[in-house]
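For reference, the structure is listed below as structure tokens.
Throughout, read-outs are computed from the coordinates displayed, never taken from laboratory work. Fair warning: this is a prediction, and the values are worked out from it, not measured in the lab. FYI the Cβ positions are ideal-geometry reconstructions off the backbone, even for glycines, and counts take in every protein chain you see.
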Amino acid sequence: MDNVIRPDFQRAAKTRGDHPRKARTGARVQYVKSYGEVGHHAVSLVRDRSAPEGDVYKVVIDTLGGQMGPVGVEPATPDGMFDADLVGMAVIRTLELLARRSGDFDVA
């Protein structure tokens, strides 16, 4: 498993001296599609034209609390859409498998 990428997302922010990001006002985020819902979690695809990375697709997990968290970011291209679809379907399938487990993980 030496080909598994284990990124440290906090490292780049620490080296730049960034502070935790606040919600951007006027962000242009467009809902594209939903991959499904499992328990209290919904997995969706949005397009963010104002992201620091540029025009991107983001696969996000939304909860009842309204907290969205990106689990995948791809460029807003046909290939990026293809990759985002793979991520979205994989996340939904993972949540389905975890929902079937007893005791140690509860998505409902």
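Quick notes on this one:
- For Leu45, the shell of other residues with beta-carbons less than 13 Å away shows a net charge of -2, using +1 for Lys and Arg and -1 for Asp and Glu.
- Multiplying the residue separation of Leu98 and Val32 by 0.36 nm and removing their Cα-Cα distance gives an extension gain of 21.2 nm.
- For the range 25-100, the fraction of alpha-carbon pairs lying more than 21 Å apart is 24 percent, rounded to a whole number.
- Considering only Thr77, Val32, Thr63, the residue lying farthest towards the positive end of the dipole of the range 25-100 is Thr63, judged by Cα position with unit charges set on Cβ.
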